[in-house]
Amino acid sequence: MNERILVVDDEASIADLVEVYLKNEGYQVTKLYNGADALASVRSDPPDLAILDVMLPDLDGFSLCREIRRQFFFPILMLTAKVEDMDKITGLTLGADDYITKPFNPLELVARVKTQLRRFTRYNSAEPAQRQAEEFELRGLCISKTTHKCTLYGEELNLTPIEFSILWYLCERRGTVVSSEELFEAVWGEKFMDSNNTVMTHIARLREKMHEPSRRPKFVKTVWGVGYTVE
């Protein structure tokens, strides 16, 4: 295991704690303490995953996440002391893949890191022979696991790994309705909680990138009280 993890937190004690647990699992860790240094590091040598604190002394974690997503699609976990739902939604909307609040259990953080890396690796490194037929084309929407790319009417969509996974899962099951619970557990690999609005947030972001009207989407449709479907 040689995956490189970038940890950005202005609290040295937190960064040190995260580093110890990640190194114990075999990861390579780079610690930085402000957004500007983190952004420069990502641009010069992108990591396999980043853990970003929201409250940084210069560039806040949300802005840093947004800047990273302009060019890179490796998994991002947001780490913050804030617990408000709106902060979580903001992070997910800007392209974060997961969110964990302080104080946190380091073992839970490590588990989430493993989950995100496993998912990202699975969708980017499958053997070519297994991926040749893994492509869907639906009324101008093309999505392919072979290239891990998605285009709409010829325009490439810059989807995060989570957004790609959601759209792929729905396309695989096109014509059927997939519940939020099923979608969450399939894509995130975790138990769905009744109060979890993560799926809704990512669906909204996905539709935005697809230029889909929220009331009458053409591709990812909502079946109220049931779930989502691609027809």
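The values are calculated or read from the model by the stated rules, or taken from the named source; none is laboratory data. Here the structure is a predicted model, which is why all the values come from computation and not from measurement. As a convention, Cβ positions derive from the backbone with ideal geometry for all residues, glycine included, and neighbour counts pool all protein chains shown. Just so you know, the surface numbers come from the protein's heavy atoms only, side chains and all, with ligands and any DNA or RNA stripped out. Shrake-Rupley method; radii C 1.70, N 1.55, O 1.52, S 1.80 Å.
Per residue, the solvent-accessible area of the stretch 192-231 (1.4 Å probe, heavy atoms of protein chains only, all protein chains present) comes to 61 Å².
For the chain, just say rounded, prolate or oblate: build the C-alpha gyration tensor, square-root its eigenvalues into a ≥ b ≥ c, call rounded for a/c under 1.5, and beyond that prolate if a/b exceeds b/c, oblate if not. Prolate. For the stretch 142-192, what class follows from the C-alpha gyration tensor (a ≥ b ≥ c being the square roots of its eigenvalues): rounded when a/c is under 1.5, otherwise prolate if a/b is larger than b/c, else oblate? Cα axes put the stretch 142-192 in the prolate bin. Which residues make up the longest stretch of the chain that has no trypsin sites (Lys or Arg not before Pro) in a DSSP loop with at most 12 other Cβ atoms within 10 Å? Value returned for the longest uninterrupted segment is 1-69.
Ranked by solvent-accessible area (1.4 Å probe, protein heavy atoms only, all chains present), the residues Trp224, Trp188 order from largest to smallest as Trp224, Trp188.
Which one, Ala36, Leu64, Ser180, projects farthest toward the positive side of the charge dipole computed for the chain from Cβ point charges (K/R +1, D/E -1)? Positive-end residue among those listed: Ser180.
Here's the picture: charge each Lys and Arg Cβ at +1 and each Asp and Glu Cβ at -1 in the chain, and of Ile51, Asn24, Ser13 the one pushed furthest to the positive end of that dipole is Ile51.
DSSP bridge analysis restricted to the chain gives an antiparallel fraction near 45%, rounded to the nearest 5. Here r is the Cβ-Cβ distance between Thr101 and Glu135 and R0 is 30 Å; the resulting FRET efficiency, rounded to 0.05, is 0.20. Evaluated with a Cβ-only charge set (Lys, Arg +1; Asp, Glu -1), the chain carries a dipole of roughly 820 debye about its Cα centre, given to the nearest 20.
Of the solvent-accessible surface of the stretch 4-63, computed with a 1.4 Å probe over protein heavy atoms with every protein chain present, carbon and sulfur atoms account for 49 percent. Could you tell me whether the stretch 1-73 comes out rounded, prolate or oblate from its Cα gyration tensor? Rule is a ≥ b ≥ c as square roots of the eigenvalues, rounded for a/c under 1.5, then prolate if a/b exceeds b/c, otherwise oblate. The shape class here is oblate.
Note on exposure: Phe164, Phe104 ranked by accessible area (1.4 Å probe, complete protein assembly) read Phe104, Phe164, with the most exposed listed first. Counting only residues at least eight positions apart within a chain, or on another chain, the lysines with an alpha carbon under 29 Å from that of Lys209 are Lys82, Lys88, Lys114, Lys145, Lys149, Lys191, Lys218, Lys221.
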